[in-house]
Each structure stands twice: as structure tokens, then as C-alpha cells.
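Taking it in order: structure first as C-alpha cells, then the write-up.
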Amino acid sequence: MQLTRNRHQPPAQQWTLVLLIAGLSAGLWLGWFAWDTEYQYDPVTGHMGGPYAVWQGVGAFLCSFVVVGLAHWLLRFIVAWLVIPASFTLAWISTAAATDVTGLWLVGAILVGLGTTIGAALMLGLAAALWSPNKDRRDSTVR
């Protein structure tokens, strides 16, 4: 079983790296969004907004490049593609299911899961197109 790009790593180290990426991916939800649950009312416009602000979405998006880049560097593509959306979605479920009385959290979980799976595939594909860690390792050993 090879989870990481380095085929010489022992299984315990491979699983540690998988758990690291899973924790960072879940942290995108927990660190940027999970704590903000209040809607804001603007008395001037009469508009209700929230619970999330634009800066939270931008921050999470920018941080996701770091998480995906690290996942691309450490893990095999398929492993990263499975771990990133699964852990983000599970983190989302942990907060949504706890506060939802309607049962619609399941619909949200499906949508979050689909969106993060597509997003992770696009971002990992972009990372693969821009930089291939295996190619760099082969080039450095040939010299």
C-alpha cells in the first residue's frame, strides 16, 4: 500500500502524513467558518447577511492552496483527492448536524461533498500541471 509519493516510507509515516492533510483540510472549515454562526443585520439597507463574510471565504480559499499544494507534494493524487474533500465535509457535518433541527444538513453535506470533491480535483490537477515532485526528484538524481 503506497499512500505517499515516497515509496520508501514506512506505513506508520504514510498514515501520519495522510492524517496531517486530513487535519489541515478539516481545519479549513473549522478555522475559517465553524465559529461564525450569527447573521448580521444592516439597519441602513435593511439587508440581512451572513453568517459568513467575504474575507472568510477568501482566506479559506487562499489557505486551501497551501493545503492542496502540500497534499500534492506529500501524497499520491488519488489519496489526496479522497482525503481533502472527505475531511472537509466531515468537519462541516460535525457543526451542521449538531445545530440543524430540520434534517436538511444531509442535503448540505452532499452538496459540500460534491463541491469539495470537484474543487480538490481541479486544484490538484492545477498543482500537477504546474509542478511534479517526482519529475524534480528524477532530475536531481540524474545529475
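The values are calculated or read from the model by the stated rules, or taken from the named source; none is laboratory data. Quick caveat: nothing in here was measured; it's all calculated off a predicted structure. Every residue, glycine among them, receives a Cβ derived from its backbone with ideal geometry; neighbour counts consider all protein chains shown. Ligands, DNA and RNA are excluded from the accessible area calculation, which covers all protein heavy atoms including side chains. Shrake-Rupley method; radii C 1.70, N 1.55, O 1.52, S 1.80 Å.
Match the structure shown to one of the listed values (i) 1.26; (ii) 1.10; (iii) 1.05 of Cα Rg over 2.2 N^0.38 Å, computed from it, and give that label.
So the structure-derived entry is (i).
Measure off, as a whole percent, the carbon and sulfur share of the 1.4 Å-probe accessible area of the chain, all protein chains present. Walk me through the numbers on the way to the answer.
Working: 6410 of 9030 Å².
Taking all protein chains in place, the chain shows 71 percent carbon and sulfur surface.
R0 = 22 Å: FRET efficiency of Gln56 with Leu126, Cβ-based, nearest 0.05?
For Gln56 and Leu126, the calculated efficiency is 0.45.
Between Val66 and Val44, how high is the FRET efficiency from 1/(1 + (r/R0)^6) when r is the Cβ-Cβ distance and R₀ = 41 Å? Nearest 0.05. List each step's numbers first, then the result.
On the way: r = 37 Å, r/R0 = 0.90.
The pair Val66/Val44 has a calculated efficiency of 0.65.
Any idea of the accessible area per residue across the stretch 10-64, 1.4 Å probe, to the nearest Å²?
Working: 3550 Å² over 55 residues.
For the stretch 10-64, the solvent-accessible area averages 65 Å² per residue.
Taking only DSSP H segments of four or more residues, each worth -39500 (n - 2.57), what value at 222 nm results for the chain once the sum is divided by all its residues, to the nearest 500 deg cm²/dmol? Write out the running numbers ahead of the final one.
Details: 5 runs with 102 residues, N = 143.
Calculated at 222 nm, the ellipticity per residue is -24500 deg cm²/dmol.
Label Arg7 and Leu106 with points 7 Å out from Cα along Cα→Cβ: what is the distance between them in nm?
4.4
Only sites in a loop by DSSP and with at most 16 other Cβ atoms within 10 Å count here; which chymotrypsin sites (Phe, Trp or Tyr not before Pro) in the stretch 14-84 make the cut? It would help to have the intermediate numbers written out before the result.
Numbers: sites: Trp15, Trp29, Trp32, Phe33, Trp35, Tyr39, Tyr41, Tyr52, Trp55, Phe61, Phe65, Trp73, Phe77, Trp81; in loops: Phe33, Trp35, Tyr39, Tyr52.
Here the chymotrypsin sites (Phe, Trp or Tyr not before Pro) that fit, given the DSSP loop and packing criteria, are Trp35, Tyr39, Tyr52.
Would you list the P(r) distribution for the stretch 21-77, with all Cα-Cα distances sorted into 10 Å bins from 0 and each bin expressed as a whole %?
22, 38, 23, 12, 5, 0
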